[in-house]
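Before any comments, here is the structure.
The values are calculated or read from the model by the stated rules, or taken from the named source; none is laboratory data. On a predicted model such as this, the values are computed, not experimentally measured, just so you know. Cβ atoms come from the backbone with ideal geometry, glycine included; neighbour counts cover every protein chain shown. For accessibility, only protein heavy atoms count, side chains too; no ligands or nucleic acids. Shrake-Rupley method; radii C 1.70, N 1.55, O 1.52, S 1.80 Å.
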Amino acid sequence: MADQKHRILMVSDFFFPNFGGVESHIYYLSQCLLKLGHKVVVMTHAYGNRSGVRYMTGGLKVYYVPWRPFLMQNTLPTVYGTLPIVRTILVREKISLVHGHQAFSTLCHEALMHARTMGYKVVFTDHSLYGFADIGSIHMNKVLQFTLADVSQAICVSHTSKENTVLRSGLPAEKVFMIPNAVDTAMFKPAPERLGNDEIIIVVISRLVYRKGADLLVEVIPEICHLYPNVRFIVGGDGPKRVRLEEMREKHSLQDRVEMLGSVPHAHVRSVLISGHIFLNSSLTEAFCIAILEAASCGLLTVSTRVGGVPEVLPEDMIVLAEPDPSDMVRATGKAISLLPNIDPQQMHNRMKKLYSWHDVAKRTEIVYDRALKCPDQNLLERLSRYLSCGSWAGKIFCFVMIIDFLLWRLLQLWQVLPVPAYIKSWPSKLNQQRRSRRCLSLLYPIIKMRK
């Protein structure tokens, strides 16, 4: 199984051109899996005019299905509406395994459900933490329990995230693997020349929403500016809380010390990071936080809230942790400023190259795929017993949903038969391209020799 090449369908509502941790994870993981010789296809919803089939770097094929975002980049739940197009992609691309990403993705849940109905092995990666008390979390946890009741294997990005997922879904811990995110250290490099310490620049790059701690920033920034006259802030990102930050800047007359950049394209993130000394993360909940890795790879000392899986991300000498409280955040920032003379950005970058690698993430994910494909096949009745264990009422509803899905799939097989010519050729891998070029050269060599 170690040399077996897989044909993987990545599914999520969150993918490029949208930017975020989940989007980056899917893209970089797919690229590394392609380099390892696997076939990878991505399925996501349409973004604006971007609809249909597109190809990205390395021959990564992306299906932008004609579903529009309904709420927070999620498609409207249809339960069975995506079955025909999911079936078409799975059959035409000869997919052997489906990998869904993010518990909040509607498309992910529906694709995994249809894939299991059709007998495919599925893997799920959870990128976020959820609570247990509020209405939204209770609803989301029940949906996750439904999806993971019949999943082959699951992946979490931190130990904290793994514990959270196991508690929320009831999935056996032995079926959940911990594989962290990584960072492209070739892209995120320190500035060629080290910045001086006469003026300390603190960088914030985040979505300006409640979950990312934008309200904390409103209280922390004025206090730091008052205590440290040589400190200046650069805030990148957009969101509903941006208005509060603008009001704070006006109220405290900090226009010359707090620069608001708005939304920052991912290609320009490094240029913003290398202009600062300290990276400030104020998230209230975080499973991992790729932004911290990108900042550390650029040589910035990080100040972050001690929440979720953040304490697992960096060694203690590369990050200063604080409670999600304004006074503690100010204290931690002051400590970071005092540590700046001892920070070597290039040395920090070299350490990040050894700590995190997307190639390592892909190799570990490969092992999970092998484990998933070894799981025994089960018929509908055996699978329904798993759904019944999800609750006295919920279990019966889940069974009814899966029975209807199975009948619709059988009906679709009779009504829409996919002919053999419908199978699509794969994009030639780099290894196959090299072999073809060598074969062409071997055929041309006698002709070239004769002409000479």
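Here are some notes:
- Taken over region 1-47, residues that are in a strand (DSSP E or B) and either of a type in the set (A, V, I, L, M, F, W, C) or open to solvent by 20 Å² or more (accessible area, probe 1.4 Å) (or both) amount to 11.
- Only a single item in (1) polar (S, T, N, Q); (2) surrounded by 20 or more Cβ atoms within 10 Å (Cβ to Cβ); (3) assigned to a loop (DSSP other than H, G, I, E, B); (4) more than 16 Å from the chain's Cα centre (by Cα) is not met by residue 197, and it is number (2).
- Listed by first and then second residue, the pairs linking a residue in region 371-390 that is at negative phi to a residue that is open to solvent by 100 Å² or more (accessible area, probe 1.4 Å) and not small (Gly, Ala, Ser), with Cβ atoms under 8 Å apart and 6 or more places separating them unless they lie on different chains, are 388/396.
- Single unsatisfied condition, residue 184 versus (1) assigned to a loop (DSSP other than H, G, I, E, B); (2) touching a Phe, Trp or Tyr at 6+ places or on another chain (Cβ under 7 Å); (3) open to solvent by less than 30 Å² (accessible area, probe 1.4 Å): (3)
- Screening region 233-319 for helices (runs of 4 or more DSSP H) wholly inside it with 1 or more residues that are open to solvent by less than 20 Å² (accessible area, probe 1.4 Å) and of a type in the set (Val, Ile, Thr) returns the ranges 269-273, 290-297.
- Candidate set from region 79-131 (those that are buried (at least 22 other Cβ atoms within 10 Å of the Cβ), within 19 Å of residue 406 (Cβ to Cβ) and among the hydroxyl-bearing types (Ser, Thr, Tyr)); member that is nearest to the chain's Cα centre (by Cα): 82
- Matching residues in region 138-166 - criterion: being exposed (fewer than 15 other Cβ atoms within 10 Å of the Cβ) and in contact (Cβ under 8 Å) with a residue 24 or more places away in the chain: 159
- Flag for residue 343 being at pLDDT 95 or above, surrounded by 10 or more Cβ atoms within 10 Å (Cβ to Cβ) and out of contact with any helix residue (DSSP H, G or I) (no Cβ under 7 Å at 6 or more places or on another chain): no
- Scanning region 408-436 for residues that are closer than 25 Å to residue 8 by Cα and at pLDDT 85 or above yields 408, 409, 410, 412, 413.
- Identity of the residue in region 374-416, open to solvent by less than 80 Å² (accessible area, probe 1.4 Å) and basic (Lys, Arg), that ends up farthest from residue 146 (Cα to Cα): 383
- Identity of the residue in region 48-63, open to solvent by 40 Å² or more (accessible area, probe 1.4 Å) and in contact with a strand residue (DSSP E or B) (Cβ under 8 Å, 6 or more places away or on another chain), that ends up nearest to residue 207 (Cα to Cα): 50
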